[in-house]
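Computed from the coordinates by the stated procedures, all read-outs in this text should not be read as laboratory data. As the structure is a prediction and not an experimental result, all values here were calculated from the model. We place every Cβ from the backbone using ideal geometry, glycine too, and count neighbours over all the protein chains shown.
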Amino acid sequence: EYLPWFKADMIGLTGSLEQIREVAKQYGVVFIKDKEADEQGYLFTHSDYIYLLDDQARVRKLYPADFKVDEVVADVESLL
């Protein structure tokens, strides 16, 4: 329900808190639930990198939110 606010075809991670923590740990993701809540719910602070994974699901590179498409294309081509 939440993801379409960002992009309709985005795939989100769900599961128990323990499962999410385990996957986050594997990829070095940081997430912290904000202590303040309002009528709309609560917020999370989280890392926002774009991950380049190889065919064995290993993290090969992290890109910041303001990444350059040409750099990603070159990196993907180097992995192919």
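Here are some notes:
- Available extension along the chain between L53 and R21 is 9.6 nm, counting 0.36 nm per residue and deducting the alpha carbon span.
- The calculated Kirkwood hydrodynamic radius for the stretch 1-47 is 12.3 Å, given to one decimal from all distinct C-alpha pairs.
- Under the Karplus curve 6.51 cos²θ - 1.76 cosθ + 1.60, θ = phi - 60°, whole-Hz ³J(HN,Hα) for the stretch 33-39, x wherever Gly or Pro sits: 6, 5, 6, 7, 10, 10, 5
- Calculated SAXS-style log₁₀ I(q)/I(0) at q = 0.21 Å⁻¹ - the chain, Debye, Cα scatterers: -1.24
- With the simple model of a label 7 Å out from the Cα in the direction of the Cβ, V69 to K33 spans 3.8 nm.
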